[in-house]
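Here's the structure we're looking at; comments come further down.
Each reported figure results from applying straightforward, stated rules to the coordinates on display, with no laboratory input. Not measured: the values here are computed from a predicted model. Heads up, the Cβs are rebuilt from the backbone with ideal geometry, glycines too, and the neighbour counts pull from every protein chain shown.
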Amino acid sequence: RYQSLTYSRALEIHKQHLSPMVTAYFQKPLLLYQGHMEWLFDSEGNRYLDFFSGIVTVSVGHCHPKVNMVAQKQLNRLWHTSSVFFHPPMHEYAEKLSALLPEPLKVIFLVNSGSEANDLAMLMARAHSNNTDIISFRGAYHGCSPYILGLTNVGTFKMELPSGMGCQSTMCPDVFHGPWGGSHCRDSPVQTIRKCSCAPDCCQAKEQYIEQFQDTLNTSVAKSIAGFFAEPIQGVNGVVQYPKGFLKEAFKLVRERGGVCIADEVQTGFGRLGSHFWGFQTHDVLPDIVTMAKGIGNGFPMAAVVTTPEIAKSLAKRLLHFNTFGGNPVACAIGSVVLEVIKEENLQENSQEVGTYMLLKLAKLRDEFDIVGDVRGKGLMIGIEMVQDKMSRQPLPREEINQIHEDCKDMGLLVGRGGIFSQTFRLVPPMCVTKPEVDFAVEVFRSALIQHIERKAKQKF
Ligand code: PMP
């Protein structure tokens, strides 16, 4: 128990002095006190299984002992030196991280957040291509700086002011909601339940989407573009997957028009998808720029942009890019130890094995409950889309989803939310999660669904 701050006092302080936005996530937000690996503890001493990892951020576990030890050592040695100086943690980290990326992605820029990383990637794309327009998918989330907000196409994050000059959105080839929702068109152990009636051949439907994509490219200024941003699997939009092969064709079209391709690995990188270390590898593509954040530091603020020597040179020719905190010794030491832990503890393999186990268990819930419309994802990036019924695929009303969400929390399971209507639960635990913990989580989720159905039945009489 944590005595020095009561729950009611924390609520008062929050209302008076902190951003009003985050409180909307839970009806009764948690006052967290401590974390250990995949578990969180509130100030009352209650424990919660963390299947949201602080929004897909805690990659190797809360307060992982080895990560903490390295961070403490570095804190005692050297906290800060601007990037104008050399220091061993930065150089060691650059070598380790670049070894994990294929040629020619070998030049690293260190920054502090995903938005900053994407801002920088946008600058690089423009500096290298000499073009302006950048394309991203509807439903994409790439950050919320005023610059990058032009590429974030989730309505709740937008204001009615122009943001992000030269940003264009293109339709998101969403396998569940698009006409191509066949049974073999996405890269996941779990396929959509309904065969598509209007496009029996998924590949033919993919072609239609490529045509749409081409159309967007053709409407950009001077028909030449600077770049295309894509998350290998959309996170904030609710674990949305594209048809197999789509990104490969899209990359080709972008390059034909002089643009560069950017993979936003902020959520999908560092082994989370199980089968591969990077999400772009699951699409069999090689981006020109890769951005990463969140899991890179297991929750410590750090981020990176990795690109080719040519693109790095194009940027350097045009401007001096400087970042006070990017590449600071503590962040770099943590980044290195996170990579070591992922390897030593086989966390990518664990994501693959435990993630697939969870997907298959959740697919059974989808078959059991009409309101579970879709179960999707790869490794430990899983989405459960809640619908009114499987035929309509209309989103379950927000109040009902809120209640299921709250019930899971009250039973000791924290899950995330995503999608335009906040209709998709996101299950993205730290990569050290175990099968018995997955059993617990699935059981809690099932109980919350049963509670929900019983509650609704009572309301009818
Ligand atoms: N890209 C993606 C895919 C993200 O999910 C996020 C954060 N949700 C960002 C970029 C922005 O990262 P940050 O919040 O660190 O600026």
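Lysines within cross-link reach of Lys66: Cα-Cα under 17 Å, excluding same-chain residues under 8 positions apart? Partners within reach: Lys343.
Sorting 128-141, 389-402, 430-443 by their mean Cβ neighbour count within 10 Å, with the most densely packed peptide first, gives 128-141, 430-443, 389-402.
Once the other residues with Cβ under 14 Å from the Cβ of Ile148 are scored (Lys, Arg +1; Asp, Glu -1), what is the net sum? Overall, the nearby charge balance is -2. What translational diffusion coefficient, to the nearest whole µm²/s, does segment 66-344 have by Stokes-Einstein, given a Kirkwood radius computed over alpha-carbon pairs, a temperature of 4 °C and 1.567 mPa s viscosity? In µm²/s, the coefficient is 67. A simple charge model with +1 on the Cβ of Lys and Arg, -1 on the Cβ of Asp and Glu and nothing else charged puts the dipole of the chain at about 380 debye relative to its Cα centre. Summary of the geometry: segment 281-295 and segment 98-132, compared by the centres of their Cα atoms, lie 11 Å apart. Coupling constants for segment 278-292 follow from the phi torsions by the Karplus curve (6.51 cos²θ - 1.76 cosθ + 1.60, θ = phi - 60°), and in residue order they are 10, x, 4, 5, 6, 9, 6, 10, 10, x, 8, 9, 10, 10, 8 Hz; glycine and proline get x. Less than 5 angstrom separates the built amide H of Gln423 from those of Gly418, all sequence-distant by 5 or more or on a different chain.
Hey, if you drop one equal point scatterer on each alpha-carbon of segment 325-461 and run the Debye formula without solvent, what base-10 log of I(q)/I(0) do you get at q = 0.10, 0.11, 0.17, 0.19 Å⁻¹? Taking Cα atoms of segment 325-461 as identical point scatterers yields -0.40, -0.47, -0.91, -1.06.
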